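J.: Okay, here's the structure, questions in a sec.
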């Protein structure tokens, strides 16, 4: 036991002797957390509130009549869309070109006879251009559909009222039609706020209960913490290669120390450093970036511990099979970056295609991020993340067995 | 009952795939002895030490250290030996004291004795004033001395020194050889491998000569040279030498061989120094003008040359 602790302490002392290690262990992750947090927050540093997002909509209003103005007023009243008006007789063509060439994400073209045809009771179609490469038009289109639906309700209700009047009292005069129309509009406007049929949405968990991913620092803090535990852990494989190069590992095996002790110590110090790094990053996440890590410290420790164990096993394995420092360094970088990308540490797996999500769970990062998501975003506890913890421990066991078999002093 | 040697190697074989690195090697090292393994690179010296250090198991044969079989009681054997590898096997970013403390703990030195022992061993290797300095600030010679200190801290019964002077300057080399002699004077048994025959001759009480994995001779320097009937060589550089000069000496019953090559005559005789006046007188009377005379004792180079048909120095290059 003394030899295990001595080798563990020695390696941590070697790490501490390298001043740059602290920058890589803590400085870089904090910087990355900040950058990714901002990038996924949509600005301002806080998480995105979907209700506060405003999208731009280019509009070519070719109709000289009053009903197009009313339509545009209704759109502006939503506070969800900023209108970018195009002027001139070629505004329609210009709107099409701008969207087609990707300069604008979407455009609404109101035809020249919009008011006239609506007034005469004819059917009218608005033209909505959208660029398929952009996602904004989806939200714009939803807002537009909602307004058009309401206008349709008003128009159909007015038509229905006029029709009912005709059946009861004969053809209405133009003045009656106007009064019926204003009355129905008034009625719909008031009734719209308290419709007879609604869908009641119950929000569960800390964020959306469904597949809506956590964003901002709620995503970047745990993701970057996992990524740097992985990256630094794998980079520690270099130290094993260096120990062979300096022949200190060989010398160690001439001392009365069991092989199992040497291997155990190599797992242990990597694990201790991983837990230290994770702890500091969690505290920094909470204090500096205001991350709410959820209400289950036990769950958090279990996930980081299982992930740290898996990373430690992989690190010793990599250090055992790599022949040179350069080999270990390159492999560590490739493995860490690819596993980060695949496992949803750079972007939420929930926004990726199904096949990508499956591939993300071939590596430990996918499971670790799932567990983090459950703890941090949904407020789950240790029992809910036990499947992920066990899976990570299975990874740890597999890597450790392979590392033990591959471990060599020369 | 005879005391068991500190090191006992009997019919040792070590193969790596199809390559035989150690081929049926046998030797013994007695307590308090400096035993040298001499041979060119690739002779099997380091592999032999690796087996004795429990780094690699033997393919067959027996290897015992302090009575313990290196395969059956590896931990026991390892606790009795100190190993100084050929390379400086230390942690460059740690101080000399930190390095020694680590190796002391690995060899089970009690914590309460550690500091005192480190101070003592640093005094022995004359590095007490640099105890707190990082190893990577040390000169090559200083690193070598700490490397040796790390093998001594736990007070082993036997010290394995694997070519400890390779690639170092003459001053440091001399310091290390004197340190080894001093340790041996205090009773330490040493197994010393080298391919420098001067070191083996200077340091070792007995020498085993290895080549191509085999132990080709074992004994003291005198035993080795006598075993091949090695002779002293008188070399005379002179003007006016001709081929007949060699013939005069060949006829003498005390002279084994004589030859003249490019103004230099070489005369091989079992006690060449006694013949020196006769040789000088004979050459002078023949009209030769003598520039220099030297007498070379038989050495391990002659033994190696005799046994293998090749020079140890040639293998060095």
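The values are calculated or read from the model by the stated rules, or taken from the named source; none is laboratory data. In this text the structure is predicted, and so the values were computed from the model without any measurement. Note that each Cβ is placed from the backbone with ideal geometry, even for glycine, and that neighbours are counted across all protein chains shown.
J.: Going by the structure shown, is residue A:73 surrounded by fewer than 12 Cβ atoms within 10 Å (Cβ to Cβ), out of contact with any helix residue (DSSP H, G or I) (no Cβ under 9 Å at 6 or more places or on another chain) and under 23 Å from residue A:181 (Cβ atoms)? Please lay out each step first, then the result.
T.: Details: surrounded by fewer than 12 Cβ atoms within 10 Å (Cβ to Cβ): yes; out of contact with any helix residue (DSSP H, G or I) (no Cβ under 9 Å at 6 or more places or on another chain): yes; under 23 Å from residue A:181 (Cβ atoms): yes.
Judged against the criteria, residue A:73 is a match.
J.: Would you point out the residue of region B:93-105, among those that are farther than 11 Å from residue B:131 by Cβ and facing another protein chain (nearest Cβ under 9 Å), that is nearest to the chain's Cα centre (by Cα)?
T.: B:103
J.: Any chance region A:3-16 includes a residue that's farther than 21 Å from residue B:95 by Cβ and within 14 Å of chain B (Cβ to nearest Cβ)?
T.: Just the residues of region A:3-16 that are farther than 21 Å from residue B:95 by Cβ, to begin with: A:4.
If we keep only those that are within 14 Å of chain B (Cβ to nearest Cβ) too, we end up with A:4.
So far as region A:3-16 goes, yes, one or more of its residues are farther than 21 Å from residue B:95 by Cβ and within 14 Å of chain B (Cβ to nearest Cβ).
J.: Any residue in region A:106-123 that is in a helix (DSSP H, G or I) and touching a strand residue (DSSP E or B) at 6+ places or on another chain (Cβ under 7 Å)?
T.: Step one: filter region A:106-123 for residues in a helix (DSSP H, G or I), giving A:114-119.
Filter once more, so that each one left must be touching a strand residue (DSSP E or B) at 6+ places or on another chain (Cβ under 7 Å): none.
Checked region A:106-123: no residue is in a helix (DSSP H, G or I) and touching a strand residue (DSSP E or B) at 6+ places or on another chain (Cβ under 7 Å).
J.: Sticking with this one: Which of the residues spanning region B:233-261 are surrounded by 13 or more Cβ atoms within 10 Å (Cβ to Cβ) and either out of contact with any strand residue (DSSP E or B) (no Cβ under 9 Å at 6 or more places or on another chain) or part of a strand (DSSP E or B) (or both)?
T.: B:233, B:234, B:235, B:236, B:237, B:238, B:255, B:256, B:257, B:258, B:259, B:260 - these are the residues of region B:233-261 that are surrounded by 13 or more Cβ atoms within 10 Å (Cβ to Cβ) and either out of contact with any strand residue (DSSP E or B) (no Cβ under 9 Å at 6 or more places or on another chain) or part of a strand (DSSP E or B) (or both).
Let's see how each residue does on (1) over 30 Å from residue B:9 (Cβ atoms); (2) in a helix (DSSP H, G or I); (3) modelled with pLDDT of 85 or more:
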site	(1), (2), (3)
B:273	yes, yes, no
B:284	yes, yes, no
B:293	yes, no, yes
B:303	no, yes, no
B:314	no, yes, no
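J.: Any idea which of (1) at pLDDT below 85; (2) touching a helix residue (DSSP H, G or I) at 6+ places or on another chain (Cβ under 8 Å) is the one residue A:134 doesn't satisfy?
T.: Only one criterion in (1) at pLDDT below 85; (2) touching a helix residue (DSSP H, G or I) at 6+ places or on another chain (Cβ under 8 Å) is unmet by residue A:134, namely (2).
J.: Exactly one of these conditions fails for residue A:373: (1) assigned to a helix (DSSP H, G or I); (2) under 19 Å from residue A:236 (Cβ atoms). Give me its number.
T.: (2)
J.: Can you name the condition, by its number, that residue B:108 falls short on among (1) within 11 Å of chain A (Cβ to nearest Cβ); (2) at pLDDT below 90; (3) surrounded by 22 or more Cβ atoms within 10 Å (Cβ to Cβ)?
T.: The one condition residue B:108 does not meet is (3).
J.: Just wondering, is there one or more residues in region B:62-84 that are surrounded by fewer than 21 Cβ atoms within 10 Å (Cβ to Cβ), part of a helix (DSSP H, G or I), within 8 Å of chain A (Cβ to nearest Cβ) and in contact (Cβ under 8 Å) with a residue 24 or more places away in the chain?
T.: yes
J.: If I filter region B:111-155 down to residues being within 11 Å of chain A (Cβ to nearest Cβ) and loosely packed, with under 13 Cβ neighbours inside 10 Å, which single residue comes out as nearest to residue B:92 (Cα to Cα)?
T.: Restricting to residues being within 11 Å of chain A (Cβ to nearest Cβ) and loosely packed, with under 13 Cβ neighbours inside 10 Å, the top hit is B:136.
J.: Can you tell me which of (1) assigned to a strand (DSSP E or B); (2) farther than 30 Å from residue B:18 by Cβ is the one residue B:200 doesn't meet?
T.: Failed condition: (1).
J.: Can you confirm whether region A:5-26 contains a residue that is touching a strand residue (DSSP E or B) at 6+ places or on another chain (Cβ under 7 Å) and either surrounded by 15 or more Cβ atoms within 10 Å (Cβ to Cβ) or modelled with pLDDT of 80 or more (or both)? Reasoning before the result, please.
T.: Going residue by residue through region A:5-26, those that are touching a strand residue (DSSP E or B) at 6+ places or on another chain (Cβ under 7 Å) are none.
Checked against the condition, which is being touching a strand residue (DSSP E or B) at 6+ places or on another chain (Cβ under 7 Å) and either surrounded by 15 or more Cβ atoms within 10 Å (Cβ to Cβ) or modelled with pLDDT of 80 or more (or both), region A:5-26 yields no hits at all.
J.: How many residues does region A:315-359 hold that are farther than 19 Å from residue A:221 by Cα, within 19 Å of the chain's Cα centre (by Cα) and part of a loop (DSSP other than H, G, I, E, B)?
T.: So the count comes out to 2.
J.: For region B:111-125, name all the residues that are farther than 21 Å from residue A:246 by Cβ and touching a residue at least 40 places away in the same chain (Cβ under 8 Å).
T.: B:124
J.: Which one of A:311, A:291, A:385, A:362 is in a loop (DSSP other than H, G, I, E, B), in the same structural domain as residue A:267 (by TED's automatic domain parsing) and crowded, with 19+ Cβ neighbours inside 10 Å?
T.: Numbers: A:311 fails: in a loop (DSSP other than H, G, I, E, B); A:385 fails: in a loop (DSSP other than H, G, I, E, B); A:362 fails: crowded, with 19+ Cβ neighbours inside 10 Å.
Answer to the selection: A:291.
Here is a yes/no grid of residues against (1) more than 14 Å from chain A (Cβ to nearest Cβ); (2) at pLDDT below 90:
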{"position": "B:18", "(1), (2)": "yes, yes"}
{"position": "B:24", "(1), (2)": "yes, no"}
{"position": "B:27", "(1), (2)": "yes, no"}
{"position": "B:39", "(1), (2)": "yes, yes"}
{"position": "B:50", "(1), (2)": "no, no"}
{"position": "B:57", "(1), (2)": "no, no"}
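J.: Of these, A:147, A:110, which one is touching a helix residue (DSSP H, G or I) at 6+ places or on another chain (Cβ under 6 Å) and in contact (Cβ under 8 Å) with a residue 60 or more places away in the chain?
T.: On the way: A:110 fails: in contact (Cβ under 8 Å) with a residue 60 or more places away in the chain.
Of the residues listed, the single one that is touching a helix residue (DSSP H, G or I) at 6+ places or on another chain (Cβ under 6 Å) and in contact (Cβ under 8 Å) with a residue 60 or more places away in the chain is A:147.
J.: Also, quick follow-up: Among the numbered conditions (1) closer than 24 Å to residue B:312 by Cβ; (2) at pLDDT 85 or above; (3) surrounded by 15 or more Cβ atoms within 10 Å (Cβ to Cβ), tell me where residue B:189 comes up short.
T.: For residue B:189, the failing item is (1).
J.: Restricting attention to region A:12-22, and to residues there that are more than 11 Å from residue A:232 (Cα to Cα) and not in a loop (DSSP other than H, G, I, E, B), which single residue is nearest to the chain's Cα centre (by Cα)? Break it down stepwise before answering.
T.: Let us first name the residues in region A:12-22 that are more than 11 Å from residue A:232 (Cα to Cα), namely A:12-20.
Imposing the further condition that a residue be not in a loop (DSSP other than H, G, I, E, B) reduces the set to A:12-17, A:20.
Details: A:12: 35, A:13: 38, A:14: 38, A:15: 34, A:16: 35, A:17: 38, A:20: 31 Å.
Once the filter is applied, the top-ranked residue is A:20.
J.: Being assigned to a strand (DSSP E or B), surrounded by 23 or more Cβ atoms within 10 Å (Cβ to Cβ) and more than 11 Å from chain A (Cβ to nearest Cβ): is that true of residue B:161 here? Quick ask: steps written out before the conclusion?
T.: Details: assigned to a strand (DSSP E or B): yes; surrounded by 23 or more Cβ atoms within 10 Å (Cβ to Cβ): yes; more than 11 Å from chain A (Cβ to nearest Cβ): yes.
For residue B:161, the condition - assigned to a strand (DSSP E or B), surrounded by 23 or more Cβ atoms within 10 Å (Cβ to Cβ) and more than 11 Å from chain A (Cβ to nearest Cβ) - is met.
J.: Inspect all residues belonging to region B:164-173 and state whether any of them is touching a residue at least 40 places away in the same chain (Cβ under 8 Å) and either touching a helix residue (DSSP H, G or I) at 6+ places or on another chain (Cβ under 9 Å) or closer than 29 Å to residue B:43 by Cα (or both). Spell out how you get there, then give the answer.
T.: Taking region B:164-173 first, the residues touching a residue at least 40 places away in the same chain (Cβ under 8 Å) are B:164, B:166.
Now drop any that are not either touching a helix residue (DSSP H, G or I) at 6+ places or on another chain (Cβ under 9 Å) or closer than 29 Å to residue B:43 by Cα (or both), which leaves B:164, B:166.
The answer is yes; a qualifying residue exists.
J.: List the number of the failed condition for residue A:54; all other conditions in (1) in contact with a strand residue (DSSP E or B) (Cβ under 6 Å, 6 or more places away or on another chain); (2) surrounded by 14 or more Cβ atoms within 10 Å (Cβ to Cβ) hold.
T.: Condition (2) is where residue A:54 drops out.
J.: Could you list, in sequence order, the residues of region A:240-264 that are in a helix (DSSP H, G or I) and at the interface with another protein chain (Cβ under 7 Å from one of its Cβ atoms)? So that I can check it myself, show each step before the final result.
T.: Kept after step one, since they are in a helix (DSSP H, G or I), are these residues of region A:240-264: A:240-245, A:248-252, A:259-264.
Passing the criteria: A:248, A:250, A:251, A:252.
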